[in-house]
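What follows is one structure encoded as structure tokens, with my remarks underneath.
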Amino acid sequence: MANLGGTYQADANNVSGDYTPVPAGDYIVQIESSDIEDGSKPGSRYVQLEMVILDGPEAGRKLIDRLNLWNNNQQAVDIAQRSMNALCVAVGKLAVSDTNELHGIPIIATVKVDPAKPYMKDGVEHPGSPQNSIRTYKPKSAGAAAPSGGGFSGQASSGTAAPASGGGLPWKQKAA
């Protein structure tokens, strides 16, 4: 039992949101928040983007994208770099040093629905549930910036440091 220190007054009009996936398709979204989080494996970190759908029947629903920019699995990093590149092109900012620079700009997110994946928790298998994932990002308007030669510079601006994974900025382009 936990004493609340008073009476909690519930609001029947403010019940928990809808966590079912939105249907696959293109949605006009904008990023509302972002952060760097630790991954489940040592040395892995990802950028978590929370965005809101701005238009249509799903307006107001939230989508989450996690970009595994720092990971021991190179394929995961490559996928994240392609997503980050598409996102930067979509918002029209080809060089960013902080994810806050991506916030508040309407773009198009191509969303898919991933099937449920069973998982183990406390020795019990759970069925999981379908989830949304972002396939790519596109500019909302035709006047957005286009790529001009391939990728990020890999140079951190002053005051911006790469996570302590030891490999520098993850989007630094590989030598050909």
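The values are calculated or read from the model by the stated rules, or taken from the named source; none is laboratory data. Treat the numbers as computed from the prediction; the structure is a model and nothing was measured. Cβ placement follows ideal geometry from the backbone for every residue including glycine, while neighbour counts extend to all protein chains displayed. Keep in mind that these areas ignore ligands, DNA and RNA; they rest on the heavy atoms of the full protein, side chains included. Shrake-Rupley method; radii C 1.70, N 1.55, O 1.52, S 1.80 Å.
Just name the residue that is nearest to residue 61 (Cα to Cα) out of those in region 108-126 that are outside any loop (DSSP other than H, G, I, E, B) and among the acidic types (Asp, Glu).
Residue satisfying both the conditions and the ranking: 114.
Out of the residues in region 76-102 that are assigned to a helix (DSSP H, G or I) and of a type in the set (Val, Ile, Thr), state the one that is most open to solvent (accessible area, probe 1.4 Å).
79
Cβ contacts < 7 Å: first residue under 14 Å from residue 55 (Cβ atoms), restricted to region 99-110; second residue part of a strand (DSSP E or B) and of a type in the set (Lys, Arg), any location; separation 6+ or different chain. Result?
107/138; 108/138
Only one of 105, 134 is assigned to a strand (DSSP E or B) and either loosely packed, with under 12 Cβ neighbours inside 10 Å or not acidic (Asp, Glu) (or both); which?
134
Among the candidates 11, 35, 65, which residue alone is among the charged types (D, E, K, R), modelled with pLDDT of 95 or more and surrounded by fewer than 13 Cβ atoms within 10 Å (Cβ to Cβ)?
So the residue among 11, 35, 65 that is among the charged types (D, E, K, R), modelled with pLDDT of 95 or more and surrounded by fewer than 13 Cβ atoms within 10 Å (Cβ to Cβ) is 35.
What are the residues in region 66-82 that are more than 14 Å from residue 135 (Cα to Cα) and among the hydrophobic types (A, V, I, L, M, F, W, C), if any?
Once the filter is applied, which keeps residues that are more than 14 Å from residue 135 (Cα to Cα) and among the hydrophobic types (A, V, I, L, M, F, W, C), region 66-82 yields 69, 70, 77.
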